[in-house]
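For reference, the structure is listed below as structure tokens.
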Amino acid sequence: MKKPEPLVEILATGRYLPDQVVTNDDLAQRMETSDEWIRTRTGIRARRIAPDGVNTAHLGAGAARKAMEKADVEPGEVDVIVLCTSTPDHWMPATACETQALLGCTNAWAFDVMAACSGFLYGMSVAEGYLAAGRGEIALVIAAEKMSSIINWNDRSTCVLFGDGAGAAVLRRANGSGRGIVASHMRSDGRLSNLLCRPAGGAAEPISQGILEQARHLVHMEGREVFKNAVRSMAEACDFALQQAGLTAGDVDLLVPHQANIRIIEATAKYANLPMDKVFVNVDRYGNMSSASVPVGLDEADEQGRIGAGSHVLTVAFGAGLTWGAMVLRY
Ligand code: COA
């Protein structure tokens, strides 16, 4: 099978993590939990929490500035900003526009993509299509999440899992270098939307005192069901993306999976036939940063020299929607 030629390449990535580290022991002082419970079930040891006043747009702009600096791209050169988030700063306007203002990308158009933890891969796909159609030269894909603002701090089964952070990538229309997005496979299944959601507070059931009292505007999750679906869907997405790329597990230099839970990561790696030394893990330090997990992982892996010229990187993600997807990148 002829290997597909990338239409879009990644010029650079960047990340921004708030300074404040909150460990499992810190949480155990505030609620009925323990480091042992959290670590053994999830692999998480700590997460970052953004302070009041540091919003999703600030996190996103922080990551984007680093990516643009590395890519040597000026704000005025960006044609489109795709901002992926489950934690928009406002219901209106899009956080992408607020981020655009912070960055000074005055020649771009900007919009949000909401696909929860799969957001970055969805955003990359959207930007790829836009650039490949010849509508622009440079795209900024940002994944920014202030999960601490939407989790229920009284629900120990979910609040210990998440953290704040942002990652970004600068994309350019490919010029025949062979680097870039080689293949992708995206899916969703809205029939399972109730497994992981914020049940109320949107247009279907606008915010009210009752909703606030019952905390139904915050994240609700059926952990076990989500777990099962995550493993199945991520495994399937890896298969499809690799097949489309004309590659096998043996060709993959690094798997950068969504960082929800070390047990989900290990099960995905096992299914994909990849040893753990070819899997990037930072869930221990940051917890689940939703859409930001994959780009932060890509950026750290690159910085640590785990990705080099010619590397094949498989990324895979899963989240509320349900949404899932995988992408094969050549560096
Ligand atoms: N600390 C201590 N005990 C806790 C706890 C916490 N933070 N959270 C839940 N528990 C308790 C529960 O109350 C329950 O107690 P009970 O048996 O007395 O009722 C017990 O621990 C077992 O809970 P359970 O939910 O069955 O545990 P689990 O083995 O399924 O693990 C998750 C829970 C959340 C770690 C696991 O389901 C999971 O990782 N799911 C996927 C979540 C995810 O990653 N979602 C995002 C996808 S993008």
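The values are calculated or read from the model by the stated rules, or taken from the named source; none is laboratory data. Quick caveat: nothing in here was measured; it's all calculated off a predicted structure. A quick note on method: Cβ atoms are made from the backbone with ideal geometry, for glycine too, and the neighbour counts reach across all protein chains shown. The protein model used for the area step is the full one, side chains on, heavy atoms only, and it has no ligands, DNA or RNA in it. Shrake-Rupley method; radii C 1.70, N 1.55, O 1.52, S 1.80 Å.
What does the highest-first list of 91-104, 311-324 look like by mean Cβ count within 10 Å? Intermediate results must be reported in sequence, preceding the final value.
Values: 91-104: 18.6, 311-324: 25.2.
In descending order of packing, they fall as 311-324, 91-104.
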- Note on the structure: Going residue by residue through the stretch 161-177, the Karplus relation 6.51 cos²θ - 1.76 cosθ + 1.60 with θ = phi - 60° gives ³J(HN,Hα) values, rounded to whole Hz and with x marking Gly or Pro, of 8, 10, x, 9, x, 8, x, 8, 9, 9, 10, 9, 4, 5, 10, x, 6
- Task: Per DSSP H run of n ≥ 4, the term is -39500 (n - 2.57); total these for the chain, divide by its residue number, and report the mean residue ellipticity at 222 nm rounded to 500 deg cm²/dmol.
- Result: -10000 deg cm²/dmol
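Over the chain, what is the relative contact order in whole percent, taking alpha-carbon pairs under 8 Å and six or more residues apart? Write out the running numbers ahead of the final one.
Details: 821 pairs, mean separation 83.2, N = 331.
Over the chain, the number comes to 25 percent.
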- Among 153, 297, 168, whose Cα sits farthest toward the positive end of the charge dipole of the chain (+1 at Cβ of Lys/Arg, -1 at Cβ of Asp/Glu, about the Cα centre)? 297
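Rounding to the nearest 20 debye, state how big the charge dipole of the chain is about its Cα centre with +1 on each Lys and Arg Cβ and -1 on each Asp and Glu Cβ.
Values: 31 positive and 38 negative charges, 142 e Å.
The calculation lands at about 680 debye.
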- Task: Please list the non-local residues whose amide H lies under 5 Å from the amide H of residue 11, H modeled 1.01 Å from N, same-chain partners needing a gap of 5 or more.
- Result: 170, 171, 172
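Quote the charge dipole size of the stretch 181-330 about the Cα centre in Debye, to the nearest 20; the model charges only the Cβ of Lys and Arg (+1) and of Asp and Glu (-1).
Charge dipole of the stretch 181-330: 320 debye, to the nearest 20.
Write down, largest first, the equivalent ellipsoid semi-axes of the stretch 2-124 in whole Å, where each equals the square root of 5 times an eigenvalue of the alpha-carbon gyration tensor.
On the way: eigenvalues 201, 73, 40 Å².
Each semi-axis is √(5λ); the values are 32, 19, 14 Å.
Can you bin the stretch 263-331 into rounded, prolate or oblate? Criterion: square roots of the alpha carbon gyration tensor eigenvalues sorted a ≥ b ≥ c, rounded for a/c under 1.5, prolate for a/b above b/c, oblate for the rest.
Details: a/c = 1.42, a/b = 1.29, b/c = 1.10.
Rounded, because the longest to shortest axis ratio a/c is under 1.5.
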- Please report, in debye to the nearest 20, how large the charge dipole of the stretch 123-168 is about its Cα centre when each Lys and Arg carries +1 at its beta carbon and each Asp and Glu carries -1 there. 80 debye
- If the cut-off is 23 Å between C-alpha atoms, which lysines fall inside it for residue 146, apart from same-chain ones fewer than 8 positions away? 66
- Query: How big is the Cα convex hull of the stretch 181-330 in projection, averaged over all directions, in nm²?
  - Reply: 9.7 nm²
- Task: Return the aspartates and glutamates within reach of residue 270: Cα separation strictly under 16 angstrom, same-chain partners fewer than 8 residues apart disregarded; answer none if there are no such residues.
- Result: 236, 239, 251, 253
- Item | GNM top mover of 46, 267, 61 - the chain, alpha-carbon springs below 10 Å | 267
- Task: Express the carbon and sulfur contribution to the solvent-accessible surface of the stretch 181-330 as a percent, rounded to the nearest whole number, probe 1.4 angstrom.
- Result: 49 percent
- Message: I'd like the antiparallel share, as a percent to the nearest 5, of DSSP beta bridges with both residues in the chain.
- Response: 70 percent
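Keeping all protein chains in place, calculate the accessible area per residue for the chain (probe 1.4 angstrom), answer in Å².
Heavy-atom accessible area per residue stands at 42 Å².
Over the chain, consider all pairs of different Cα atoms and compute the Kirkwood hydrodynamic radius from their mean reciprocal separation; express it in Å, one decimal.
Working: mean 1/r = 0.0509 Å⁻¹.
Kirkwood hydrodynamic radius for the chain: 19.6 Å.
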- Note on the structure: Farthest towards the positive end of the dipole of the chain, among 261, 134, 28 and with Cβ unit charges of +1 on Lys and Arg and -1 on Asp and Glu, lies the Cα of 261
- Task: Return the whole-Å distance between the Cα centroid of the stretch 54-79 and the Cα centroid of the stretch 267-322.
- Result: 22 Å
- Note on the structure: Heavy-atom accessible area of the stretch 8-177 with neighbours in place, 1.4 angstrom probe: carbon+sulfur share in percent works out to 47 percent
- Note on the structure: With the charge dipole of the chain built from beta-carbon charges (+1 for Lys and Arg, -1 for Asp and Glu) about the Cα centre, the Cα from 99, 326, 272 projecting farthest to the positive end belongs to 272
